[in-house]
Amino acid sequence: MEIATCSRMVLCALRQQVLRCSSHCRTWARLLQRQRSSCVYSSIHGFNQDEIKEKLQAFHGGSIDLLKQDSGIAVLTINNPSRMNAFSGSMMIDLEERVSQLENWPEGKGLIVQGAAETFCSGSDLNAVRAISNQQDGMKMCMFMQNALTRLLRLPLISVALVEGRALGGGAELTTACDFRLMEAGSVIQFVHKHMGLVPGWGGAARLVHLVGSQNALKLLGGAVKVDPELGVNIGLVDGVLEGHQKTEGAAPLLQQAENWLSRYTKGPAPVIQAVKKVVLSGRELPLSEALRTEKDIFGTVWGAPANLEALASKSKHK
């Protein structure tokens, strides 16, 4: 009788474990599906990604370089110094591919986006812009970059734009696709689109309104205002100001300063940091009821997981 009772208890425990694993698998499947569907445009909107990639690939120059570090912090570098790190067509494709790599990086916790050769990014390479200046191609490029930068912002990594030198036009838009922005003293962010007879097209205006409010966004876009670090901090666009080591004796290199700044928010196991980013993202983008359900799903992926059990055993909450 005791053996039968024990057997039933074991079977019950196994059944609960299977159900729990099954629930977690379904949760992860929903989260992964949400991640895969993070693009704004698809074929439903008349957007053919392969078609625009083929067109963009014709305009070569520069690269987007990705370095994944053991710390879980990756560095994405816009690398086209001869054109102030302006995006060529092939660089736009590079960006989309690097974002895909980061979406599939289980150990990732943070991301720093920087420019090569002491400047951030001056937007689009005008050679490519002139070549696709007809409205149809321009709209396709717009949709491609909106998709790429939206996916960048939705990465399960805490991201920061490290602005050295100038971030102009599309470069200014790129800074808004990160969770945080750090500026070197003396650097500038400027939405120069008006001077080109344009408005932002890579999603920068929509993100800017969320960051600084509609009135400040109107000032920055309508006046093509040069945002220095002081103004950036005052309006909520910038989260910190760094001193360049070449300008301030004893200061650490900018990238190291940025890593130190970011590490305050990426300390801990990757699944927990990624879960933090996901719940914040859902709260920012989803209606409340859906955000609550998403938060519940994400909570289920970390509750009882190794990091949670280890924290409970060590009573780390009060440390």
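Calculated from the structure, Rg/Rh (Cα atoms, Kirkwood Rh) equals which of [x] 0.93; [y] 1.05; [z] 1.01?
[y]
Angle, helix 254-266 long axis vs. longest principal axis of the chain, Cα atoms, 0 to 90°, nearest 10?
For helix 254-266, the angle is close to 30 degrees.
Can you tell which of PRO200, PRO306, PRO156 shows the greatest fluctuation in a Gaussian network model of the chain with Cα springs below 10 Å?
PRO306
Taking a probe of 1.4 angstrom, what is the accessible area of HIS210 in Å², to the nearest 10?
About 150 Å², ignoring ligands and nucleic acids.
Heavy atoms only, probe 1.4 angstrom, no DNA, RNA or ligands counted: give me LYS278, LYS68, LYS267 ranked by accessible area, highest first.
On the way: LYS278 40, LYS68 85, LYS267 180 Å².
Largest accessible area first, the list is LYS267, LYS68, LYS278.
Along the three principal axes, how long is the range 217-257 when you take its alpha carbons, biggest first, rounded to the nearest angstrom?
Principal axes ranked by extent give 39, 16, 15 Å for the Cα atoms.
Principal axis extents for the range 239-294, Cα atoms only, whole Å, descending order, please.
52, 23, 11
Kindly report, to the nearest 10 Å², the accessible surface of MET141 as traced by a 1.4 Å probe over protein heavy atoms only.
Only protein atoms counted, so the area is about 30 Å².
How much accessible area does SER38 have with a 1.4 Å probe, in Å² rounded to the nearest 10?
That residue has around 10 Å² of solvent-accessible surface.
Per residue, how much accessible area does the chain have with a 1.4 Å probe, in Å²?
Values: 16800 Å² over 319 residues.
That works out to 53 Å² for each residue.
How far is helix 89-103 tilted, in degrees, relative to the longest principal axis of the Cα atoms in the chain, given as a value from 0 to 90 rounded to the nearest 10?
Value to nearest ten degrees: 20.
Rank these residues by their accessible area, most exposed first, probe 1.4 Å: ARG98, ARG151.
Values: ARG98 50, ARG151 20 Å².
Sorted descending by solvent-accessible area, the residues read ARG98, ARG151.
If we count every other residue with Cβ under 13 angstrom of ILE273's Cβ, Lys/Arg +1 and Asp/Glu -1, where does the sum land? Walk me through the numbers before you get to the answer.
On the way: positive: LYS109, ARG264, LYS267, LYS277, LYS278; negative: GLU107, ASP179.
So the environment of ILE273 carries a net charge of +3.
If you roll a 1.4 Å probe over the range 156-311 with all protein chains in place, what percent of the accessible area is carbon or sulfur?
Of the solvent-accessible surface of the range 156-311, carbon and sulfur hold 60 percent.
Percentage of Cα-Cα pair distances in the range 214-319 greater than 23 Å, rounded to whole percent?
Working: 3140 of 5565 pairs.
Here the tail beyond 23 Å accounts for 56 percent of pairs.
On a 1.4 Å probe surface of the protein chains, which of GLU51, GLU249 comes out largest in accessible area, and what is the full order?
GLU249, GLU51
On C-alpha positions alone, give me the angle between the axis of helix 270-285 and the longest principal axis of the chain, in degrees, nearest 10.
60 degrees
Lysines near LYS315 by alpha-carbon distance under 26 Å, same-chain residues fewer than 8 away left out - which ones?
Output for LYS315: LYS109, LYS267, LYS277, LYS278, LYS296.
Give the aspartates and glutamates whose C-alpha is closer than 18 Å to that of LYS194, dropping any in the same chain fewer than 8 places away, or say none.
Output for LYS194: ASP125, GLU173.
Rg(Cα) of the range 95-234 divided by 2.2 N^0.38 Å?
Cα-based Rg divided by the globular estimate yields 1.03.
The values are calculated or read from the model by the stated rules, or taken from the named source; none is laboratory data. These figures come from a predicted structure and were not determined experimentally. Counting neighbours? That spans all protein chains shown, and the Cβs are built from the backbone with ideal geometry, glycine included. The area values use the complete protein model at the heavy-atom level, side chains included, leaving out ligands, DNA and RNA. Shrake-Rupley method; radii C 1.70, N 1.55, O 1.52, S 1.80 Å.
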